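Shown next, in structure tokens, is the structure this report addresses.
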Amino acid sequence: MIQRINPKARHDAYGSRINRDHSPLRATIVPWVSILLASLLQILPVATALPILPPLGLMMLLGWRLFQPGVLPVWAGFPLGLFDDLFSGQPFGSAILLFSLAMLAIELIERRLPWRSFALDWAIASGILTAYLLAAVLFSGAPPGLPVAVAMVPQLLLSLLLFPIIARMVAWLDRLRLRRVRVVR
Amino acid sequence: MAPSEQRRSSYSRRAQYGVFTGYVLATAGALLGAALLALSLWRPDSFSGPRNVARDTVEPAVQATAAGRAEGKGLFDTIGGYFRAGSQNAELRKELEIARIRLAEAEAVAQENVRLKQLLELSTSEAEPVAVTRFVGSSAASSRRFGYIGAGRDEGVEVGMPVRSPRGVVGRVLEVGASTARVLLLTDSQSVLPVRRPEGDVIAFAEGRGDSLLRIRLINLGINPLKKGDMFVTSGTGGYYRPGTAVAIVTEVTDDGALAQIVSDPAATDYVSVQPVWQGETVATAQIPVEQAISE
């Protein structure tokens, strides 16, 4: 008697492999679009008297860079920072500089620690986010002082705690990015 | 995940040059960013053009989410009302709060009237607002406090015009796009507003602190007359804001003034009106350097 064939035999994690393949366009575009949308989200839903929303554009960038190296080139900080600057309210150039520096910093860290656990990735992202928020306050032109520093604390804590969720979103987007689509030949 | 093999050096000249070019581009990007940052700190309005175009482009989406925000907030208020003592409670409380603000404003207006009558029939007619629009959002992630409103050059909004909500002063227009404008909120660390307390005529400056509070700095130093719960209104000095609009309530008295909470919290603001500059001539005159004569 012939055994029933395993229904998953012709599948991989991204769908059936028969007449289906990754879409090159989608594989390239999903990381960029998701980071741009995250930057845009900064002005959409809330209006607040003190800064509370985490720097979502940077967090998305860190997520893609740390969990899927090779998807974004080293120079990605420049165009993504440029877009973020248009909407963030920071002086123009602040995100260009800081995003670029973040990408270079991860490049250096990656040379030392090529294999990382999630906890280590989270720690790296926490360090970069803390440095980013401090630098952003300095660059914003606000006179540095205790009130500004105190107002920063909730935003910083929220950013650090939100990072695992961003990581899950990046993982989901990565499956979407490599989903196999029909190829007609 | 481990880095891809792409970055490791290989015998391929092309791959090596590719990696090298990537680093050069990234460094050049960072340097260019630093230069742009220095330029925009030196001249804050250098890049207002691209920013305005970008904001005008996303305006429809922002309008939609702003409507959702207002409705969502209303929904939460209603649910909160049931938890306390029925849905009316929340509404009545809001009305009472506005009534209190109005009372303080009325007191200020009455006092203003007395003074103006002494100054021989100066007209105090309320000006028509330039535009009534939705407060669509704020720079929620930056430590500078900017708000965005859904009216711009097309509606006649100009730089410097005061923006107010039904509760009180929100801020001042800083940049104008075709259909949106950027507003400097009162809580921004570079915002300074001349204010006064109606009872006793205490004159002060309200400075933003970068968090959600304002710092009230008295002009006449001496015994600090402020108490918790004092209401400050605009004084009209400087010519931008019409006198007698509610600004802030004192929450904590300090040695040289007080800390005050803004009356019109951006998070609770839905519709705002843009008003003309109160004394345009005064403002224009104030911008002429001292060396230059005002009259011909």
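None of the figures in this text is laboratory data; all of them are computed from the coordinates on show. All figures in this text were calculated on a predicted structure; none of them were measured in a lab. In this analysis, Cβ positions are derived from the backbone assuming ideal geometry, glycine residues included, and neighbour counts consider all displayed protein chains.
Taken residue by residue and averaged, Cβ atoms of other chains lying within 10 Å of the Cβ of B:39-50 number 3. Taking A:Asp21, A:Asp121, A:Asp174 in turn, the Gaussian network model of chain A (Cα-Cα springs below 10 Å) assigns the largest fluctuation to A:Asp21.
Between A:Val150 and B:Leu92, the simple spin-label model (points 7 angstrom out along Cα→Cβ) gives 3.5 nm. Rounded to the nearest 10 degrees, the inclination of helix A:24-40 to the longest alpha-carbon principal axis of chain A is 30 degrees. Counts of other chain beta carbons within 10 angstrom of each beta carbon in peptide B:142-153 average 6. Distance between the 7 Å Cα→Cβ label points at B:Ala35 and A:Ala13: 4.2 nm. Which of these, A:Leu108, A:Leu97, A:Leu36, has the largest mean-square fluctuation under a Gaussian network model of chain A (Cα springs below 10 Å)? Comparing A:Leu108, A:Leu97, A:Leu36 in a Gaussian network model of chain A, the most mobile one is A:Leu108.
For a test of the definition: using alpha carbon positions, the gyration tensor, and the 1.5 limit on a/c, classify the stretch B:151-296 as rounded, prolate or oblate. Oblate, since a/c reaches 1.5 and b/c is not below a/b.
Show log10 I(q)/I(0) for the stretch A:17-182 at q = 0.12, 0.15, 0.19, 0.20 Å⁻¹, two decimals, from a solvent-free Debye sum over equal Cα scatterers. Values, matching the q order: -0.54, -0.83, -1.28, -1.40. Rounded to a whole number, what is D in µm²/s for the protein assembly as shown from Stokes-Einstein with the Kirkwood radius over alpha-carbon pairs (10 °C, 1.306 mPa s)? My calculation gives 63 µm²/s for D. Restricting the calculation to Cα atoms, every distinct pair contributes to the Kirkwood radius of the stretch A:86-178, found to be 15.0 Å. Which residues in the stretch A:127-152 have a backbone N closer than 13 Å to a point placed 7 Å from the Cα of B:Trp42 along the Cα-to-Cβ line? Nothing falls inside the zone, counting backbone N under 13 Å. Averaged over the residues of B:17-27, the number of partner chain Cβ atoms lying within 10 Å of the residue Cβ comes to 4.
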